[in-house]
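So the structure is just underneath, and the comments pick up after that.
The values are calculated or read from the model by the stated rules, or taken from the named source; none is laboratory data. Remember, it's a predicted structure, so these values are computed and weren't measured experimentally. As a convention, Cβ positions derive from the backbone with ideal geometry for all residues, glycine included, and neighbour counts pool all protein chains shown. For the accessible areas, the whole protein counts, side chains as well, though only heavy atoms, and no ligand, DNA or RNA atoms are used. Shrake-Rupley method; radii C 1.70, N 1.55, O 1.52, S 1.80 Å.
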Amino acid sequence: MNKITATAPGKCILFGEHAVVYGYTAIVSTIEINSTCSIQMTRKSQIRWNFPNFGNKFEISIENLVNDPEYLSKISNNPFFQFYFLLNQIISDFNLNPKGMEITVSSNLWSNSGLGSSASTACAYVKALDEFFLLNLSQEQLNRFAYSMEKFVHGNPSGIDNTVITQGGLLKYKGPNFSQITGIPRIPLLIIDSGISHSTAEAVNKVRKFKEKSPEIVGEIFQKIEEISNQGISALKKGNIDELGNLFRRNQTLLEKLDLSNPTIGKIIEIGKELGIYGVKITGAGMGGALIAVDSEEKLQKFQKRLKIDRFRTLLTYIGK
Ligand code: PMV
């Protein structure tokens with residue numbers, strides 16, 4: 001069999017991160033930066049996974065590719081365990097008889113930064129397995145398998161990442177329900193890497209503790225975020241960049257109240273303000289990771305140049321059509 005290659009995009013949350021974990025609305029879009037998974041059949045009686053972004057490899061003989069509890073406990077600490085888990089799950093669900101395989105999973109997304117690299121690689125992987133084993137999975141099945149991998153990485157994620165990545169485009173997400181937002185004009189978006197790797201589980205835990213301690217304060221913050229998310233939909237449909245910028249800024253202020261910012265994020269926001277760019281916010285879990293900025297393409301290019309001086313990585317991308 002020829003080599004199979006599947007890709008999946010990354011994502012960024014425009015509005016509503018964290019609140020979405022508690023059932024509030026979030027707005028999320030795929031971005032034009034991809035992850036790739038390729039699968040090649042081999043003559044060896046082993047499965048090998050390659051993760052070139054991490055310089056890591058992981059192999060298992062076909063005879064060990066069974067639900068042997070002792071063997072599973074030995075490898076369960078492997079950071080790529082979810083790839084093994086999913087293959088095993090698919091083999092048992094569809095009663096497959098796997099042969100030797102060489103699997104390579106890579107991503108152009110910055111990892112641990114809020115751009116959905118784990119969900120994106122999971123979706124590319126599930127799509128490649130679907131094609132390789134001719135399973136003809138529905139979108140719902142693809143999403144469910146990708147979510148089961150996400151749970152290994154993030155504990156109890158809202159499911160927003162795997163859902164938008166399997167659906168594509170822009171979504172209004174109120175877990176587990178979602179609807180596609182259509183008719184959005186092409187809007188430029190600058191993605192900025194704060195350079196600080198974050199842990200989604202840690203950030204979600206921090207908000208959970210705050211909510212347990214001060215349910216009314218956090219409930220009020222989430223309610224305001226919900227309003228911003230809903231206003232965001234009409235600003236997106238109108239392609240109104242000023243309004244979007246204003247909503248980004250208000251959402252960011254509320255994320256700061258949840259203590260998800262830090263001095264580096266603050267510095268990036270200040271640099272934006274010096275250039276007259278006010279629509280800058282965390283995307284995803286915060287405490288580091290990526291930020292997004294919305295403004296005219298020209299101003300975002302200036303922002304990009306200015307951030308380069310301070311060695312911040314940036315990517316100019318687009319949402320909408
Ligand atoms: O930083 P990311 O891409 O893992 O996004 C996390 C988004 C949260 O709302 C904070 C958590 C979730 O599960 O939705």
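Some points to look at:
- Formal net charge of residues neighbouring Phe58 (Cβ-Cβ distance under 12 Å; K, R +1; D, E -1): 0
- The spacing between region 56-127 and region 205-250, judged by their C-alpha centroids, is 35 Å.
- Calculated accessible area for the chain comes out at 46 Å² per residue, all protein chains present (probe 1.4 Å; ligands, DNA, RNA ignored).
- Positive-end residue, the chain charge dipole about Cα centroid, Cβ charges, pick of Gly168, Ile309, Ile4: Ile309
- Counting only DSSP beta bridges whose two residues both lie in the chain, roughly 90 percent are antiparallel.
- Largest accessible area first, the residues Thr42, Thr25 order themselves as Thr42, Thr25 under a 1.4 Å probe with ligands, DNA and RNA left out.
- Theoretical FRET efficiency, 1/(1+(r/R0)^6), r = Cβ-Cβ of Arg311 and Asn95, R0 51 Å, to 0.05: 0.45
- Heavy-atom accessible area ranking, 1.4 Å probe, most first, across His154, His198: His154, His198
- MRE, 222 nm, helices only [DSSP H, n ≥ 4, -39500 (n - 2.57), over the chain, to nearest 500]: -14000 deg cm²/dmol
- If R0 equals 45 Å, the separation of the Cβ atoms of Ser76 and Asp259 corresponds to a calculated FRET efficiency of about 0.90.
- Added length on full extension, which subtracts the Cα-Cα distance from 0.36 nm per residue, Lys238 to Ile217: 4.3 nm
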